[in-house]
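Scroll down for the structure; my scribbles are underneath it.
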Amino acid sequence: RQQLAEALSKREVPEDVAEEVLSRFEEVGLIDDAAFADAWVESRHHSRGLARRALARELRTKGVDSALVEEAIGQLDADQEAETAR
């Protein structure tokens, strides 16, 4: 959501219009930060072997809410993380 908000701002879309569009996108499921965070963790952990801390940092940089970040990285268990590190 944050990345889209930034893109709309760069295009000088009025803030109230952008907020309405983004809210509607969320309502119909076109924006789903929780699903994005889950997919990001799954993909980046398996393809790059990134640990929880690195994944959390990446997601926060993308503007994902901290609660959603914690939930997404919570899907990795310690054994899975250790095995990937090896």
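What shape does the chain have by the C-alpha gyration tensor, where a ≥ b ≥ c are the square roots of the eigenvalues, rounded means a/c under 1.5, and otherwise prolate means a/b greater than b/c and oblate the rest? List each step's numbers first, then the result.
On the way: a/c = 3.34, a/b = 2.52, b/c = 1.32.
In terms of gyration-tensor shape, prolate.
Expressed as a whole percentage, what fraction of the accessible surface of the chain belongs to carbon and sulfur atoms when a 1.4 Å probe is rolled over the protein heavy atoms? Provide the component values of the computation, followed by the final result.
On the way: 2900 of 5990 Å².
Summing carbon and sulfur atoms, their accessible area is 48 percent of the total for the chain.
Mind checking which of G74, L55, A37 is farthest towards the positive end of the stretch 36-86's charge dipole, using Cβ charges of +1 (Lys, Arg) and -1 (Asp, Glu) about the Cα centre?
Sorting the options by dipole projection puts first L55.
Per residue, how large is the accessible surface of the chain? Use a 1.4 angstrom probe and give square angstrom. Can you show the working numbers first?
On the way: 5990 Å² over 86 residues.
With all protein chains present, the chain gives 70 Å² per residue.
Charges only on Cβ, +1 for Lys and Arg, -1 for Asp and Glu: so what's the dipole of the chain about the Cα centre, in debye to the nearest 20?
Numbers: 12 positive and 20 negative charges, 118 e Å.
So the magnitude is around 560 debye.
Which of rounded, prolate or oblate describes the stretch 1-50 when judged by the alpha-carbon gyration tensor and an a/c cut-off of 1.5? Could you put the intermediate results ahead of the total?
Values: a/c = 5.28, a/b = 2.07, b/c = 2.55.
It is oblate, given that a/c is not under 1.5 and a/b is not larger than b/c.
The values are calculated or read from the model by the stated rules, or taken from the named source; none is laboratory data. Not measured: the values here are computed from a predicted model. Virtual Cβ from ideal backbone geometry, glycine too; neighbours counted across all protein chains shown. Side chains are part of the model used for accessible areas, which takes the heavy atoms of the whole protein and leaves out ligands, DNA and RNA. Shrake-Rupley method; radii C 1.70, N 1.55, O 1.52, S 1.80 Å.
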